[in-house]
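Right, one structure below, let's go through it.
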Amino acid sequence: FMVYDKESGELVARKPALGFTDEQVKAFRVRATEGVSGQVFRERKPYIMYDALNDELTLKENVALLGVRNGVTVPLIVEKRDEDNRVIEERPIGVLHVFNKRYGNIFIEEDLRLLERLAKNQAAVIASAQIYQEVVEEKEELEQILKSVYAGLIVVGRHGQVMQMNRSARAMLGLNSEDVQGKPME
């Protein structure tokens, strides 16, 4: 699968990528305006590649160099739903590729429908993981800011327990231990 990177404007391959080396996965990236990946991402419509060696869209991504002969690409779309479970917003976050490197078989419409269902589930998992990662990064950044503030700083939770105390506050209160987290403020 490939996830859209807002900073670079590229779709970037991510693990797991069965059948590909780490180097191939790292190198597999394409601008979101190019190739089959970009088209599926932008148009939010799946695409079946019957002949990757001669398909204009796949030539831009060099999938033939990966040994790919044919495949299916479906969009990874995160859906926002209302209380009646109706889709009220869709946001593409990447694409899912399934390539056939052997046997010469081609993909059919049933394969496409199955992959679209899988892609919906995968998009939800990826979006959740991205949100979690952002929260973790923000938390770590906030903790670093709190630690670096020269003034004494104590963060107290709504039930009166110490959530965070920086070094300056511990020094002012004559506390040597960092083990004050979760203790009552008093």
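Identify all residues within region 97-108 that are more than 22 Å from THR33 (Cα to Cα) and either open to solvent by less than 40 Å² (accessible area, probe 1.4 Å) or at pLDDT 85 or above (or both); write none if there are none.
First, pick out the residues of region 97-108 that are more than 22 Å from THR33 (Cα to Cα): 100-108.
ASN100, PHE107, listed by residue number.
What single numbered condition from (1) farther than 27 Å from ASP22 by Cα; (2) among the small types (Gly, Ala, Ser); (3) assigned to a helix (DSSP H, G or I) fails to hold for ALA151?
Among (1) farther than 27 Å from ASP22 by Cα; (2) among the small types (Gly, Ala, Ser); (3) assigned to a helix (DSSP H, G or I), ALA151 violates only (3).
Among the residues of region 17-36, count how many are open to solvent by 20 Å² or more (accessible area, probe 1.4 Å), closer than 14 Å to GLY94 by Cβ and assigned to a loop (DSSP other than H, G, I, E, B). Break it down into steps so the answer makes sense when it comes.
If we filter region 17-36 for residues that are open to solvent by 20 Å² or more (accessible area, probe 1.4 Å), which is where we start, we get 17-24, 26-29, 31, 33-34.
Now drop any that are not closer than 14 Å to GLY94 by Cβ, which leaves 17, 28-29, 31.
Checking the rest, the ones that are also assigned to a loop (DSSP other than H, G, I, E, B) come to 17, 28.
So the count comes out to 2.
So, in region 37-96, of the ones that are of a type in the set (Asp, Glu) and either in contact (Cβ under 8 Å) with a residue 40 or more places away in the chain or under 15 Å from LEU115 (Cβ atoms) (or both), which residue ends up most open to solvent (accessible area, probe 1.4 Å)? Break it down stepwise before answering.
Going residue by residue through region 37-96, those that are of a type in the set (Asp, Glu) are 43, 51, 55-56, 61, 79, 82-84, 89-90.
Now drop any that are not either in contact (Cβ under 8 Å) with a residue 40 or more places away in the chain or under 15 Å from LEU115 (Cβ atoms) (or both), which leaves 79, 90.
On the way: GLU79: 52, GLU90: 84 Å².
Ranking the qualifying residues of region 37-96, first place goes to GLU90.
Looking at region 5-15, can you tell me whether even one residue there is in a loop (DSSP other than H, G, I, E, B), of a type in the set (Lys, Arg), over 16 Å from THR73 (Cα atoms) and at pLDDT 85 or above?
The answer is yes, given that some residue of region 5-15 is in a loop (DSSP other than H, G, I, E, B), of a type in the set (Lys, Arg), over 16 Å from THR73 (Cα atoms) and at pLDDT 85 or above.
Exactly one of (1) free of Cβ contacts under 8 Å to residues at least 24 places away in the same chain; (2) assigned to a helix (DSSP H, G or I) is unmet by VAL162. Its number?
Every listed condition holds for VAL162 apart from (2).
The values are calculated or read from the model by the stated rules, or taken from the named source; none is laboratory data. It should be emphasised that the depicted structure is a prediction, and the values quoted were computed from it without experimental measurement. Counting neighbours? That spans all protein chains shown, and the Cβs are built from the backbone with ideal geometry, glycine included. Heavy atoms of the whole protein, side chains included, go into the accessibility calculation; ligands, DNA and RNA do not. Shrake-Rupley method; radii C 1.70, N 1.55, O 1.52, S 1.80 Å.
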